[in-house]
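What follows is a set of notes on a single structure, which appears directly below.
Every number here is computed from the coordinates shown, using simple stated rules; none is lab data. Given the structure is predicted, the values throughout are model-derived calculations rather than measurements. Every residue, glycine as well, gets a Cβ built from its backbone with ideal geometry; the counts of neighbours run over all protein chains shown.
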Amino acid sequence: MTRVKNIQEEIHYEGFASIREVTFDYQDTQGDWHHIKREVYDRGNGASALLYNRERNTVLLTEQFRMPSFLNGNPSGMLIEACAGKQDETDPKKTILREIEEELGYKLPAVEKVMEVYMTPGGSTEIIHLYLGEYSDECKVNDGGGLDCEQEDIRVVEYAFAKALSLIKTGEIKDAKTVILLQHLQLSGIMD
Ligand SMILES: Nc1nc2c(ncn2[C@@H]2O[C@H](COP(=O)(O)OP(=O)(O)O[C@H]3O[C@H](CO)[C@@H](O)[C@H](O)[C@@H]3O)[C@@H](O)[C@H]2O)c(=O)[nH]1
Ligand SMILES: [Mg+2]
């Protein structure tokens with residue numbers, strides 16, 4: 001039996017993303033009902049992939065300006081991130097293969113799904129689908145960097161895997177999906 005009823009949504013803003021005010025009745029674990037109001041940020045879902053090369057013991061990441069991080073304590077606004085994109089297709093695997101080509105310049109034959117995560121479940125609807133993919137020079141098709149028409153200014157950066165892990169400790173990598181993927185790759189033993 002559902003513990004949520006009488007859901008009413010009011011769109012407060014609709015643009016690239018939307019903000020809805022959602023009111024609903026919620027039954028708590030004691031069985032009591034409460035009338036609750038929540039603001040929900042919706043920019044769709046996303047997909048992200050960490051590319052690794054076992055021979056060179058490297059990973060391929062991006063560096064780009066992220067305004068929200070600049071507004072909240074990141075002096076340069078630059079973030080080191082795994083390749084990622086907004087899910088425009090229904091299949092998140094299609095999204096990530098396209099983003100890998102646009103942002104990193106590699107056409108991969110396959111990626112492996114590792115998990116999906118809600119990044120900010122208290123405020124945002126977004127699920128990000130996470131993948132690992134193996135890259136090699138043979139898969140390189142362009143220089144990456146993202147789409148000019150979307151004003152993307154993305155630098156492709158290759159790090160020794162150990163160096164990338166050390167950047168989590170120093171705080172130079174602090175994007176959640178990237179931390180999860182790097183630690184997942186370490187735990188998987190693929191790079192051992
Ligand atoms: N017009 C407009 N464009 C925007 C806005 N916000 C972002 N964009 C543009 O929309 C494009 C989105 O690029 P993607 O590569 O598809 O997405 P992303 O920004 O990398 O997002 C990925 O990472 C995010 C952060 O971890 C994730 O939140 C997201 O789901 C996705 O995985 C970029 O060109 C960006 O400049 C906006 O408010 N207005
Ligand atoms: Mg992106």
Notebook entry, point to check: With the contact rule set at Cα under 8 Å and sequence spacing of 6 or more, what percent relative contact order holds for the chain?
Noted result: 21 percent
Checklist line | Tilt relative to the chain, helix 161-170 - C-alpha long axis, 0 to 90 degrees, to 10 | finding: 50 degrees
Next item on the list: Enumerate the amide H contacts of MET78 below 5 Å, restricted to partners 5 or more residues apart or on another chain; note that Pro and chain-start residues carry no placed amide H.
Entry: ARG66
Check: Counting each DSSP H run of 4 or more residues in the chain as -39500 (n - 2.57), what helix-only mean residue ellipticity at 222 nm follows after dividing by all residues, to the nearest 500 deg cm²/dmol?
Finding: -5000 deg cm²/dmol
Notebook entry, point to check: Given R₀ = 30 Å, FRET efficiency for VAL40-LEU71 by Cβ-Cβ distance, to 0.05?
Noted result: 0.90
Check: If you line up the long axis of helix 176-188 against the longest principal axis of the chain, both from Cα atoms, how many degrees apart are they, to the nearest 10?
Finding: 60 degrees
Check: For ASN6 and SER124, what is the calculated FRET efficiency with R₀ set at 22 Å and r taken between the beta-carbons, to the nearest 0.05?
Finding: 0.45
Notebook entry, point to check: Is segment 46-188 best put as rounded, prolate or oblate by its Cα gyration tensor, with a ≥ b ≥ c the root eigenvalues, rounded for a/c under 1.5, and otherwise prolate when a/b is larger than b/c, oblate when not?
Noted result: rounded
Check: Where does the charge balance sit around MET119 when Lys and Arg score +1, Asp and Glu -1, over other residues with C-beta under 14 Å from its C-beta?
Finding: 0
Check: Summing Lys, Arg as +1 and Asp, Glu as -1, what charge do residues with Cβ under 12 Å from the Cβ of ILE190 carry, ILE190 excluded?
Finding: -2
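Hey, with R₀ at 35 Å, roughly what FRET efficiency would ARG155 and PHE24 work out to, going by the Cβ-Cβ distance, to 0.05?
The formula returns an efficiency of 0.20 here.
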